[in-house]
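The next block holds one structure in the form of C-alpha cells; read it before the comments.
Rule-based calculations on the coordinates, nothing more; no lab input. Small disclaimer: the values here were computed from a predicted structure and weren't measured. Heads up, the Cβs are rebuilt from the backbone with ideal geometry, glycines too, and the neighbour counts pull from every protein chain shown.
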Amino acid sequence: MTTNVAHIPKLPEGDWPVFSPGLVWLVGAGPGDPGLMTLHGLNALQQADVIVYDALVDERILDWRKPDSKIEYAGKRGGKPSPKQRNISLRLIELARAGKRVLRLKGGDPFVFGRGGEEAQTLVQAGIAIRITPGISAGIGGLAYAGIPATHRDVNQAVTFLTGHDQTGLTPSAIDWAAIAKGSPVIVMYMAIKHIGQICGNLIEAGRDPSEPVAVVSNATLPTMNVLETSLSAAPADIVEHGVEPPAIVCVGRVALLRQTLDWAAQLAGHQPRSLDPLATGRNLLEDAS
C-alpha cells in the first residue's frame, strides 16, 4: 500500500503526545468510518514506525500514516485462519525491543471486546511502555449511525454490552442470561451472529418477550452498512434469510424502534422520514411497545 501524502490530514496546533521509540501505542480506530478516528489516533499514525492493524480497521485510515512507516496485518476473524493472540503480543514486544515506535491499531475501542486489555497486560509484564487511546465502540457508534440511541430516558436507564462468544468460540457460559433478560432493558451484543439462535432462545426462555424489537447493524458506519429490523423470536431466521454476516451489532430493546424516525443517514440521502413528527411518533412507538 502506498501512502497518499496529499490526503494526510494535518493536526491542529497543540501539545500532542510524542511517540517515543520502544513505546507501544494501542489505539482504537472506531467502528469503520475513517472520520471517527480520534485526533490522538491520527497523531500516533503520523509518528509510528510500524503499524500492526486488525481486520476491522478501514484501510483508508492507513493512508494517513507517515510515508516511511511499515504496516503489518494481524486480523482475527471468527472461522477464518487468524494469527494467535499470543503471537501478536510477542510481535509487539519484539518490535518495541528493537526500538520501533509501534502502533497497535484496533477496530472500535481496544478495551471493549477488543482484547486490548490482554495485549496491554502482556506488554507491561514484558517491561514495555504503553499508551492507550480509546476509540468509538461499534456498540455505541454503530447504533448511532443506524439511528438508534443506546440509551433514551423514555426507555432505559441501563444498557448491557455482551459478547456472543467466549474464548472457546462458544456461546458464553459465564453469562447469567436470566439476570440480563430480566434486568437489562437494552442489550447490545458484539460477535453474536454465529450463535444468535441460541442467544435469542436463552433470552426468551429466561422471560424476554419474543416480540421485542431487535435491530441488527452490519458493516456499521460504512457505505455498505445494512440494518435488519426484526424481533427477538424472528431474528435467527431473518438473519439467515437476509444473508446477514459479521461484523454486526445486535441491539435488543425498544430503543430499536426509534430508528423508524431517527434514521438520519437515509434522510440525508433523500429518503423521506417515516414520520413528520419524529419525537412524537417515537414516543408513541415506545408507548405502543411497552
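General remarks:
- Nearest-ten-degree value, helix 196-205 long axis tilted from longest Cα axis of the chain: 50
- Whole-number percent relative contact order across segment 102-217, with pairs defined as alpha carbons under 8 Å at least 6 apart: 21
- Theoretical ellipticity at 222 nm over the chain - DSSP helices of four or more residues, -39500 (n - 2.57) apiece, nearest 500: -8000 deg cm²/dmol
- Here the calculated FRET efficiency for Ala158 and Tyr73, from their Cβ-Cβ distance with R0 = 30 Å, stands at 0.20, rounded to the nearest 0.05.
- Only lysine pairs 8 or more places apart, or on different chains, with alpha-carbon atoms under 24 angstrom apart are counted in segment 19-136, and they number 11.
- Shape category assigned to segment 1-140 from the gyration tensor of Cα positions, a/c cut at 1.5: rounded
- Nearest 10 degrees, 0 to 90: helix 116-125 Cα axis against the chain principal axis: 30
- Helix 85-97 and the longest principal axis of the C-alpha atoms of the chain enclose an angle of approximately 30°.
- Normalised by 2.2 N^0.38 Å, with N the number of residues, the alpha-carbon radius of gyration of the chain equals 1.08.
- When only Cα pairs below 8 angstrom with a gap of at least 6 residues are kept, segment 19-136 shows a relative contact order of 44 percent.
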